[in-house]
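Peer 1: Structure below; questions to follow.
Only the coordinates and a few stated rules stand behind these numbers; no lab work does. Since the structure is predicted, the reported quantities are computational estimates derived from the model, not experimental observations. No Cβ is skipped: glycine too gets one built from the backbone with ideal geometry, and neighbour counts run over all protein chains shown.
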Amino acid sequence: METFTKVHVVISLIAIFAGFVVTYGLLKAKQLDGWTALFLLMTLLTSVTGFFFPFHGFTPAIGVGIVSLAVLAIAIFARYGRKLDRAWRWIYVVTAMLALYLNVFVLIVQLFQKVPVLKSLAPTQAEPPFQIAQLGALMIFVVLTIFAAIRFRPIN
């Protein structure tokens, strides 16, 4: 399980990095096809591999994974199936950004669980430092998503 966990973490970090590159592209009205494919594939793999960890019953992680897969299906369909035509452009932007946000949300959870300094600040993740980190991330993503939806008008 240790090797599997490491592979899952590496895939997740690649997805997050590629997602921020794609976000830059959205804000600059550039499609960045290779980065987009990498982001969507790695995010999909992150969600799928997450289901292979042992669990007992429904957990928040399972819920995030299910939502992420649904959001990714829409993003992939908007990008490749509908080729960003008309409303599918902003649908793609919103779903791609939501998929990235969910990865960052889980990253913040994991950091507060695994990094001793952060865990001491919020041992149950109900404390203000954790809530502030999550709220800050959410606010940043809302703003980025709005600007990306306005600015992303790729020229084919």
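Peer 1: To the nearest 10 degrees, how steeply does helix 128-151 sit against the main Cα axis of the chain, on a 0 to 90 scale?
Peer 2: Tilt relative to the chain: about 10 degrees.
Peer 1: Pairing the Cα long axis of helix 60-76 with the longest principal axis of the chain, what angle in degrees results, from 0 to 90 and rounded to the nearest 10?
Peer 2: 10 degrees
Peer 1: For an R0 of 22 angstrom, estimate the FRET efficiency from the Cβ-Cβ distance between Leu138 and Phe51 and round to the nearest 0.05.
Peer 2: Working: r = 25 Å, r/R0 = 1.12.
It comes out at approximately 0.35.
Peer 1: So, one more: Where the convex hull is taken over the Cα atoms of the chain, what is its projected area averaged over directions, in nm²? Could the numbers behind the result be given before it?
Peer 2: Details: hull surface 38.3 nm².
If I average the Cα hull's projected area over directions, I get 9.6 nm².
Peer 1: Spin-label point model (7 Å from Cα, Cβ direction): what's the Phe20 to Leu107 distance in nm?
Peer 2: Roughly 0.6 nm, to one decimal.
Peer 1: While we're on this one: I need the per residue convex hull volume for the range 56-102, using only the alpha carbons, in cubic angstrom as a whole number.
Peer 2: Convex hull volume per residue, Cα atoms: 56 Å³.
Peer 1: First obtain the Kirkwood hydrodynamic radius of the range 16-107 from its Cα pairs, then insert it into the Stokes-Einstein equation at 4 °C and 1.567 mPa s, and state the resulting D in µm² per second as a whole number.
Peer 2: Details: Rh = 13.4 Å.
Rounded to a whole number, D works out at 97 µm²/s.
Peer 1: If you don't mind, another one. May I ask for the equivalent-ellipsoid semi-axes of the range 95-144, computed as the square root of five times each C-alpha gyration tensor eigenvalue and listed largest first in whole Å?
Peer 2: Details: eigenvalues 93, 26, 9 Å².
So the three semi-axes of the range 95-144 are 22, 11, 7 Å.
Peer 1: I've got another one for you. Provide the gained length on full extension for the span Leu121 to Leu13, in nm with one decimal, where the gain is 0.36 nm per separating residue minus the Cα-Cα distance.
Peer 2: On the way: separation 108, 0.36 × 108 = 38.88 nm, distance 2.35 nm.
In short, 36.5 nm is gained.
Peer 1: Between Arg153 and Phe4, what is the spin-label point distance in nm, taking each point 7 Å from the Cα along the Cα→C-beta axis?
Peer 2: With each label placed 7 Å out from Cα toward Cβ, I get 4.8 nm.
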